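Student: Sharing a structure here in structure tokens format.
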Amino acid sequence: QVQFVESGGGLVQAGGSLRLSCAASGSIFSRWTLGWYRQAPGKQRELVALITTGGTTNDAASGKGRFTVSRDNAKRTMYLQMNSLKPEDTAVYYCNRFPFEDSAWGQGTQVTVSS
């Protein structure tokens, strides 16, 4: 059963940057399309970005031009580089497969952007 562990969140001022990491168990990590998701208070969880097995990325409108997703299959790790952060980016960030696997959600990592 796959499990994901997110890290790298924190408190940052608007305009700042953070790099999130997502470590995964599972020997077939390289075969998965993966996604970064986030959930802000009072809102539904949303997809932020995804990356295919071949490294093709697709960023949601909210992060386009500011967020970059990448992966290192040898380390079974995915990353999300977030630049020019805005207060509306405040949320708990999660990683999972795309489409997500319900049983694989981790604890997430909190990102708080102050204005």
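The values are calculated or read from the model by the stated rules, or taken from the named source; none is laboratory data. Every value quoted in this text rests on a predicted model; they were computed, and no experiment measured them. Heads up, the Cβs are rebuilt from the backbone with ideal geometry, glycines too, and the neighbour counts pull from every protein chain shown. Quick note on the areas: whole protein, heavy atoms, side chains included, nothing else; ligands and nucleic acids left out. Shrake-Rupley method; radii C 1.70, N 1.55, O 1.52, S 1.80 Å.
Student: Would you check if Gly16 is touching a residue at least 40 places away in the same chain (Cβ under 8 Å), over 13 Å from the mean Cα position of the chain (by Cα) and under 17 Å from Met82 (Cα atoms)?
Tutor: Numbers: touching a residue at least 40 places away in the same chain (Cβ under 8 Å): yes; over 13 Å from the mean Cα position of the chain (by Cα): yes; under 17 Å from Met82 (Cα atoms): yes.
It is true that Gly16 is touching a residue at least 40 places away in the same chain (Cβ under 8 Å), over 13 Å from the mean Cα position of the chain (by Cα) and under 17 Å from Met82 (Cα atoms).
Student: How many residues are in contact (Cβ under 8 Å) with a residue 60 or more places away in the chain, under 16 Å from Leu18 (Cβ atoms) and either open to solvent by 50 Å² or more (accessible area, probe 1.4 Å) or hydroxyl-bearing (Ser, Thr, Tyr) (or both) when one looks only at region 73-114?
Tutor: Residues flagged as in contact (Cβ under 8 Å) with a residue 60 or more places away in the chain, under 16 Å from Leu18 (Cβ atoms) and either open to solvent by 50 Å² or more (accessible area, probe 1.4 Å) or hydroxyl-bearing (Ser, Thr, Tyr) (or both) within region 73-114 amount to 12.
Student: Which one is nearest to Gly108 (Cα to Cα) among residues in region 21-52 that are open to solvent by 70 Å² or more (accessible area, probe 1.4 Å), assigned to a loop (DSSP other than H, G, I, E, B) and at pLDDT 90 or above?
Tutor: My answer is Arg45.
Student: Kindly indicate whether Ser70 is in a strand (DSSP E or B) and without any contact (Cβ under 8 Å) to a residue 24 or more places away in the chain.
Tutor: yes
Student: Next question. Across region 3-13, which residue is farthest from Gly108 (Cα to Cα) among those that are aliphatic (A, V, I, L, M) and surrounded by 14 or more Cβ atoms within 10 Å (Cβ to Cβ)? Full working, then the answer.
Tutor: So the first thing to find is which residues in region 3-13 are aliphatic (A, V, I, L, M), and the list is 5, 11-12.
Narrowing further to those that are surrounded by 14 or more Cβ atoms within 10 Å (Cβ to Cβ): 5, 12.
Values: Val5: 7, Val12: 17 Å.
Among those that are aliphatic (A, V, I, L, M) and surrounded by 14 or more Cβ atoms within 10 Å (Cβ to Cβ), it is Val12.
Student: Sticking with this structure for a sec: Do you know which of the residues in region 53-67 that are assigned to a loop (DSSP other than H, G, I, E, B) and not small (Gly, Ala, Ser) is least open to solvent (accessible area, probe 1.4 Å)? Walk me through it before giving the result.
Tutor: So the first thing to find is which residues in region 53-67 are assigned to a loop (DSSP other than H, G, I, E, B), and the list is 53-56, 60-66.
Restricting the remaining residues to those that are not small (Gly, Ala, Ser) gives 53, 56, 64, 66.
Numbers: Thr53: 69, Thr56: 89, Lys64: 127, Arg66: 30 Å².
Step by step, filter region 53-67, then rank; the result is Arg66.
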